[in-house]
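Structure incoming, see below.
The values are calculated or read from the model by the stated rules, or taken from the named source; none is laboratory data. Just so it is clear, the model here is predicted, and its values are computed rather than measured. Cβ atoms come from the backbone with ideal geometry, glycine included; neighbour counts cover every protein chain shown.
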Amino acid sequence: MNPIQKDSLEDAFKQFAAESHFQPHFAERLQARLSALREVRANPFDIFANEMSALFRRVVIAGAVVITLLSAYNLSSGGEWSVSAAFGVAQLADMHEGSVDWMLPDE
Amino acid sequence: MRRYERPIAATITGMLGRCDEVDEIGQQVFIRFYEALPKFRGDSSVKTYLTRIAINLSLNELKRRKRRFTLFRPVEDAAEIRSNDAEPHSDMALIEQALARLSPDARDVVVLRLVNGYSTEETAEMLAIPVGTVLSRLSIARKKLRDWLAPHFTDMIKE
């Protein structure tokens with residue numbers, strides 16, 4: 001390895017400092033982040049509202065998926081194609097009647 | 001801001017080596033300063049204040065890296081690997097590699113004293129350690145650096 005001419009250890013470190021830099025457009029990117037930060041500080045409820053609507057959106061999607069799956073199950077197990085069958089109204093009525101039968105004493 | 005960009009870049013690069021985190025930590029330094037601006041009393045210069053934030057964030061990053069990489073690889077710093085791979089004979093890579101071999105405690109002293117050119121007293125104040133500790137850490141680090149770098153740099157044995 002060829003030795004590199006240097007006056008001292010200090011000079012080598014000064015050169016290291018002079019050659020150090022951030023990636024291009026560092027100041028512009030920082031400015032953009034600071035502007036966004038200022039905006040959030042000026043309207044803190046905007047960010048809260050955005051977070052809430054994002055959370056609500058996820059809950060709605062999950063609920064819709066569950067309802068679709070349950071409806072599909074009800075339709076396939078009931079053998080009847082109607083809105084009430086999809087929502088399991090017939091099964092609910094059976095369950096209700098069954099429980100009443102069980103509770104009533106034999107005559 | 002542009003005035004402080006290079007010294008802060010040198011501080012973080014000295015502590016972490018050239019890696020992707022340097023830029024992000026640089027951004028964090030200025031954002032933290034912006035957030036602390038209402039509380040900034042001007043007791044120290046802006047450069048000193050920014051450098052102190054840069055050192056603290058870099059030390060946090062080193063701790064995070066250590067936690068993350070201990071299980072996966074024995075080398076503490078990605079900088080050491082990187083400087084071995086890329087342009088291994090350049091001055092910058094040699095210094096980077098040597099700094100990465102120092103312990104974080106010695107590295108922050110070397111970065112502040114030799115890279116940033118702060119006085120021993122300023123370095124002690126910034127790191128909240130006694131002047132004597134700065135001097136002893138620097139003396140040990142200098143000896144190690146000379147041993148590691150002497151084969152590559154001539155005329156280095158100048159006190």
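Quickly run through region B:109-143 and pick out the residues that are within 14 Å of chain A (Cβ to nearest Cβ), touching a helix residue (DSSP H, G or I) at 6+ places or on another chain (Cβ under 7 Å) and of a type in the set (Gly, Ala, Ser).
B:Ala141
Does any residue of region B:45-60 turn out to be within 14 Å of chain A (Cβ to nearest Cβ) and modelled with pLDDT under 85?
No - not one qualifying residue is present in region B:45-60.
So, one more: Which one is farthest from B:Arg107 (Cα to Cα) among residues in region B:19-59 that are part of a loop (DSSP other than H, G, I, E, B) and charged (D, E, K, R)? Explain how you work it out, then say what you get.
Going residue by residue through region B:19-59, those that are part of a loop (DSSP other than H, G, I, E, B) are B:19, B:40-45.
Filter once more, keeping what is charged (D, E, K, R): B:41, B:43.
Details: B:Arg41: 28, B:Asp43: 26 Å.
Step by step, filter region B:19-59, then rank; the result is B:Arg41.
Of all the residues that make up region B:105-128, how many are in a helix (DSSP H, G or I) and crowded, with 18+ Cβ neighbours inside 10 Å? Step through it out loud before you land on a result.
As a first pass, look at region B:105-128 and keep what is in a helix (DSSP H, G or I): B:105-115, B:120-127.
Those left that are additionally crowded, with 18+ Cβ neighbours inside 10 Å: B:106-115, B:122-124, B:126-127.
Residues in region B:105-128 being in a helix (DSSP H, G or I) and crowded, with 18+ Cβ neighbours inside 10 Å: 15 in total.
Here's another thing I want to ask about it. Are there any pairs with C-beta distances below 7 angstrom linking a residue in region B:1-15 that is more than 8 Å from every other protein chain (Cβ to nearest Cβ) and among the aromatic types (Phe, Trp, Tyr) to a residue that is surrounded by fewer than 24 Cβ atoms within 10 Å (Cβ to Cβ) and part of a helix (DSSP H, G or I), with the two at least 6 apart or on different chains, and if so which?
Listed by first residue and then by second, the contacts come to B:Tyr4/B:Val46; B:Tyr4/B:Lys47; B:Tyr4/B:Leu50.
Right, another one. Consider region A:21-31. How many of its residues are facing chain B (nearest Cβ under 10 Å) and assigned to a helix (DSSP H, G or I)?
5
Within region A:11-20, work out how many residues are part of a helix (DSSP H, G or I) and at the interface with another protein chain (Cβ under 7 Å from one of its Cβ atoms).
Residues in region A:11-20 being part of a helix (DSSP H, G or I) and at the interface with another protein chain (Cβ under 7 Å from one of its Cβ atoms): 6 in total.
The rows are residues; the columns are (1) modelled with pLDDT under 90; (2) loosely packed, with under 10 Cβ neighbours inside 10 Å; (3) more than 30 Å from B:Arg113 (Cβ to Cβ).
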position	(1), (2), (3)
A:Ala27	no, no, no
A:Gln31	no, no, yes
A:Val40	yes, no, yes
A:Asn50	yes, no, yes
A:Leu55	yes, no, yes
A:Gly63	no, no, yes
A:Thr68	no, no, yes
A:Asn74	yes, no, yes
A:Gly78	yes, no, yes
